[in-house]
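Supplied in structure tokens, the structure appears directly below.
The values are calculated or read from the model by the stated rules, or taken from the named source; none is laboratory data. Because the structure is predicted, anything quoted here is derived from the model rather than measured. Cβ placement follows ideal geometry from the backbone for every residue including glycine, while neighbour counts extend to all protein chains displayed.
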Amino acid sequence: MRHLIGGVSWAALAMALASPSAAQDAEVSELVVTAQRVEENIQQVPIAVTAFGSAALERQSIETLQDIAIRTPGFSAGQVDPIQPNFAIRGIGSAYGISQNAGGDASVVVFVDGVYAGRGGTPDVDAMDLERVEVLRGPQGTLFGKNAVGGLIQYVSRKPSNDTRLRVEGGLGNFDRRTLSVRGNVPLSDSVYLSAGGSLKFRDGYEFNETTGHDVNDQDLRTAALALRFLPSDDLDIVLAADFTEQDQRGNPRDNICDPTLRGGVHCVGVNPDPRIMNAYTDGYTRRWLQTYRGEVNWTTALGTLTSITGYRAVTTNVRIPFFSNPVNPPNQIESTQTDHEKNDQFSQELRLAFDAMDGRLRGQVGAYYLREDNFRIEDLRQDFPAPAQTGVATYPQDVLAKSFALFGQASFSVTDELTVTAGLRQTWEEKSGHFIGRKVSGPGMPPPLGGDYDVRAKEDWSALTPRFAVDWQVTPDALIYASATRGFKSGGFQGIAGTASSQSTPYDPEYAWSYEGGAKTQWLDKRLQVNLSVFHTDYEDLQVSQLVPLCCVVVGNAATAEIDGVEVELIARPLAGLQLEAAYGYLDAKFTSFANGATANFTGNDLPRSPKDKLHLGAQYSFDIAEWGVLGRVDYTNQAHMYFEASNIPTQKQEGYINVDARVSLTSPDKRWQVAAWGKNLTDELVATYVTAFAPYRQVLVPYAPPKTYGVTLVWRM
């Protein structure tokens with residue numbers, strides 16, 4: 001890590017924990033999670049899970065999955081643009097160019113109330129009435145299926161209930177930030193409950209485009225959600241829900257860094273050295289319209305609980321990114337612009353039965369899953385170079401139909417009251433078919449990456465078997481030890497933009513990972529200290545690696561194998577009344593064991609992209625009363641080591657280690673109805689890349705950045 005952590009006396013902490021003055025009723029929260037698709041105490045689940053309850057989300061001012069990632073060991077989150085995230089868990093993630101095409105998928109997936117969120121992103125965390133957010137680390141191929149090869153994130157919303165409640169929140173911040181959210185719940189009868197909410201977020205841009213004179217990378221985001229719950233009997237629970245997201249804002253042109261290790265510096269002429277000032281001929285734009293409709297039925301029968309989850313997602317996105325912009329000997333200008341128009345329709349249906357037999361000694365679930373995705377995407381590339389032969393516009397329409405069907409089951413058997421063995425299996429069948437076009441639109445020469453017009457159709461199918469084996473020993477009521485072996489896989493696919501018909505019609509295969517893990521979940525000192533540990537080894541095969549081919553395109557292929565070893569430790573302590581201390585550390589050694597990229601480049605032994613070796617998070621919060629007003633202060637500190645964004649591990653695609661500090665202090669009225677809070681994020685104002693692209697032939701490095709230092713105030717009223 002870039003800085004060493006000092007000044008922490010663990011001996012003093014241990015004395016405080018053991019001291020009689022420590023509050024006897026200060027217990028670590030008993031979080032319930034659904035990491036195994038049924039509700040269980042997080043300390044009794046033999047899986048590495050980090051969970052954030054609704055109170056934690058509020059107290060840490062968590063708005064996005066990037067905020068979650070900062071606080072979670074082994075989890076990193078970047079983004080190509082505000083609606084195209086790139087997640088990696090334990091070194092497994094999708095590089096740029098894979099999930100940003102119609103025929104590709106991500107390696108870490110998101111589920112929103114049991115519905116797979118395949119494309120188009122998700123609502124912000126703070127825009128939903130969430131009960132919790134869960135991060136499951138390691139392959140989850142048995143119970144969750146495709147594309148959970150690295151892990152997954154679950155949003156779990158609060159279900160409508162018989163409580164009448166209303167929450168209104170407004171906020172102001174720097175960059176002219178203005179936010180408003182309203183959430184409410186009301187019983188319509190003894191058995192019918194309704195909840196609804198909406199939010200608005202507006203903000204000026206973090207960056208400035210000198211060419212147009214506009215702020216860019218701003219925010220204009222609107223969300224709404226509605227849920228209806230019907231309880232016709234004690235055995236039947238029905239929830240119908242919908243959420244909507246509308247986004248319309250300027251784009252995020254890339255910072256163009258002149259790299260002295262790649263060239264002599266002449267191309268730097270005309271580029272503003274300030275990383276927050278751009279030189280693009282257009283601002284670009286980010287537009288998204290997301291709709292999700294969900295129906296969940298839970299029916300308690302003599303055989304067990306039968307659950308049906310039906311989901312439909314429709315998302316339309318329009319994105320224009322001026323990603324390559326560099327004045328060369330002004331007034332000449334090099335410009336490359338990518339414009340994406342995508343419409344995705346997704347339908348999913350899951351049916352599963354959770355059973356309990358033999359007086360509770362045998363429990364588990366069996367089920368079936370179906371997913372259909374219709375994805376139509378048009379990607380246009382515009383290149384304006386001083387050399388006319390390289391100037392032109394090309395268009396790449398892609399129309400892909402993907403189907404996936406799976407049967408799965410998992411059972412746990414209690415050999416004794418303390419020892420449990422678990423076995424599970426999932427068989428998945430997949431098919432993708434697509435129509436792909438590459439066509440020159442204009443220009444004196446054929447613009448890269450198009451070597452010639454093509455119009456091709458392609459189809460491929462795959463199948464995957466993803467088992468899980470685990471054993472756990474409840475040594476004491478407060479100590480669980482477990483070991484597991486789990487397999488996950490990620491779907492195969494097709495190129496997004498190819499230079500030739502042959503390349504476009506050639507699919508790449510799925511990738512697979514076997515993960516072997518041992519861990520312990522423990523609570524000490526009357527549950528005032530919680531310590532969880534996991535140690536893992538992963539064999540990662542047939543990696544879908546994306547490589548930028550100069551003057552062509554981003555090409556995806558099954559080019560590598562890798563081994564990943566790591567250790568993760570999470571600690572929560574409450575030594576004194578009102579004081580909570582948290583620590584999370586992740587060590588990651590993720591290396592390519594084979595990766596020959598062409599005749600000359602060999603990346604064997606290099607780090608996997610977005611796999612920092614060390615990551616430490618420390619959190620401290622303290623609450624107390626002043627004249628019956630509640631005061632709560634919290635500080636979150638993260639220290640992350642360097643990482644690379646690409647398999648070559650070249651210095652120009654390296655994010656140096658950095659420190660992130662967030663803080664929040666709140667004041668709550670005696671009746672708990674009013675709360676005012678002041679908060680700040682990235683208080684060290686670190687410049688952190690969300691991804692990096694290096695164009696060696698043009699001696700340029702193109703970078704979008706995470707937000708700078710932000711701060712503001714929030715006012716909340718509850719009824």
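Hey, can you tell me all the residues within the range 385-412 that are of a type in the set (Gly, Ala, Ser) and surrounded by fewer than 21 Cβ atoms within 10 Å (Cβ to Cβ)?
Within the range 385-412, 387, 389, 409, 411, 412 qualify.
Next question, about the same structure. Could you tell me how many of the residues in the range 368-384 are closer than 16 Å to residue 308 by Cα and surrounded by fewer than 21 Cβ atoms within 10 Å (Cβ to Cβ)?
Qualifying residue count, the range 368-384: 2.
Here is a further query. For the range 35-53, check the following and say yes or no: at least one residue is in contact (Cβ under 8 Å) with a residue 12 or more places away in the chain and under 24 Å from residue 248 (Cα atoms).
No, the conditions are met nowhere in the range 35-53.
Scan (1) in contact with a Ser or Thr (Cβ under 6 Å, 6 or more places away or on another chain); (2) within 25 Å of residue 409 (Cβ to Cβ) for the single condition residue 479 breaks and write down its number.
(2)
Now, a different point. Provide a single number: the residues in the range 481-508 that are in a loop (DSSP other than H, G, I, E, B) and either within 23 Å of the chain's Cα centre (by Cα) or among the polar types (S, T, N, Q) (or both).
Summing the residues that are in a loop (DSSP other than H, G, I, E, B) and either within 23 Å of the chain's Cα centre (by Cα) or among the polar types (S, T, N, Q) (or both) in the range 481-508 gives 7.
Is there a residue in the range 488-500 that is in contact with a His (Cβ under 9 Å, 6 or more places away or on another chain), on the phi < 0 side of the Ramachandran plot and touching a residue at least 40 places away in the same chain (Cβ under 8 Å)?
no
So which of 515, 546, 534 is under 30 Å from residue 431 (Cβ atoms), at pLDDT 95 or above, under 27 Å from the mean Cα position of the chain (by Cα) and not charged (D, E, K, R)?
515
Let's see how each residue does on (1) surrounded by fewer than 22 Cβ atoms within 10 Å (Cβ to Cβ); (2) at pLDDT 85 or above:
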{"site": "98", "(1), (2)": "no, no"}
{"site": "101", "(1), (2)": "no, no"}
{"site": "107", "(1), (2)": "no, yes"}
{"site": "112", "(1), (2)": "no, yes"}
{"site": "125", "(1), (2)": "yes, yes"}
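While we're here: Kindly check whether there is at least one residue in the range 615-637 that is within 24 Å of the chain's Cα centre (by Cα), polar (S, T, N, Q), assigned to a strand (DSSP E or B) and modelled with pLDDT of 95 or more.
Within the range 615-637, none of the residues are within 24 Å of the chain's Cα centre (by Cα), polar (S, T, N, Q), assigned to a strand (DSSP E or B) and modelled with pLDDT of 95 or more.
What are the residues in the range 454-468 that are in a strand (DSSP E or B), buried (at least 16 other Cβ atoms within 10 Å of the Cβ) and under 26 Å from the mean Cα position of the chain (by Cα), if any?
In the first step, residues of the range 454-468 are kept if they are in a strand (DSSP E or B); the result is 454-465, 468.
Okay, now just the ones that are also buried (at least 16 other Cβ atoms within 10 Å of the Cβ), so 454, 456, 458, 460, 462, 464, 468.
462, 464, 468, listed by residue number.
Look at residue 478 and say whether it is among the acidic types (Asp, Glu) and under 30 Å from residue 533 (Cα atoms).
Here the answer is yes, as residue 478 does meet what is asked.
Right, next: If you go through the range 642-654 one residue at a time, do you hit one that is basic (Lys, Arg), out of contact with any helix residue (DSSP H, G or I) (no Cβ under 8 Å at 6 or more places or on another chain) and at pLDDT below 95?
So far as the range 642-654 goes, yes, one or more of its residues are basic (Lys, Arg), out of contact with any helix residue (DSSP H, G or I) (no Cβ under 8 Å at 6 or more places or on another chain) and at pLDDT below 95.
Moving on to the next point. Given (1) part of a strand (DSSP E or B); (2) crowded, with 21+ Cβ neighbours inside 10 Å, where does residue 575 come up short, assuming only one miss?
Here residue 575 meets the rest and fails (1).
Go through 555, 531, 545 for me and flag whichever is aliphatic (A, V, I, L, M), surrounded by fewer than 20 Cβ atoms within 10 Å (Cβ to Cβ) and in contact with a strand residue (DSSP E or B) (Cβ under 9 Å, 6 or more places away or on another chain). I'd like the intermediate steps shown before the answer.
On the way: 555 fails: surrounded by fewer than 20 Cβ atoms within 10 Å (Cβ to Cβ); 545 fails: surrounded by fewer than 20 Cβ atoms within 10 Å (Cβ to Cβ).
Criteria check complete, one pass: 531.
Quick check, is residue 661 buried (at least 17 other Cβ atoms within 10 Å of the Cβ) and either within 30 Å of residue 252 (Cα to Cα) or touching a strand residue (DSSP E or B) at 6+ places or on another chain (Cβ under 6 Å) (or both)?
In short, yes.
Six or more apart or on different chains, Cβ atoms under 6 Å: show the pairs whose first residue is in the range 360-389 and closer than 28 Å to residue 341 by Cβ and in contact (Cβ under 8 Å) with a residue 24 or more places away in the chain and whose second is among the acidic types (Asp, Glu) and surrounded by 19 or more Cβ atoms within 10 Å (Cβ to Cβ).
Matching pairs, first to second residue: 377/342; 379/340; 384/335.
Still on this model: Looking only at the range 456-509, filter to residues that are of a type in the set (Ser, Thr, Tyr) and at pLDDT below 95; which one of those is nearest to residue 377 (Cα to Cα)?
505
Looking only at the range 581-610, count every residue that is in a loop (DSSP other than H, G, I, E, B) and either touching a Phe, Trp or Tyr at 6+ places or on another chain (Cβ under 8 Å) or closer than 30 Å to residue 668 by Cβ (or both) and tell me the total.
The initial filter retains those residues of the range 581-610 that are in a loop (DSSP other than H, G, I, E, B), namely 595, 598-600, 603-606, 608-610.
Okay, now just the ones that are also either touching a Phe, Trp or Tyr at 6+ places or on another chain (Cβ under 8 Å) or closer than 30 Å to residue 668 by Cβ (or both), so 595, 603-606, 608-610.
Total meeting the criteria: 8.
Of the residues 90, 132, only one is more than 12 Å from the chain's Cα centre (by Cα), surrounded by fewer than 24 Cβ atoms within 10 Å (Cβ to Cβ) and at pLDDT 90 or above; which?
Values: 90 fails: surrounded by fewer than 24 Cβ atoms within 10 Å (Cβ to Cβ).
So the residue among 90, 132 that is more than 12 Å from the chain's Cα centre (by Cα), surrounded by fewer than 24 Cβ atoms within 10 Å (Cβ to Cβ) and at pLDDT 90 or above is 132.
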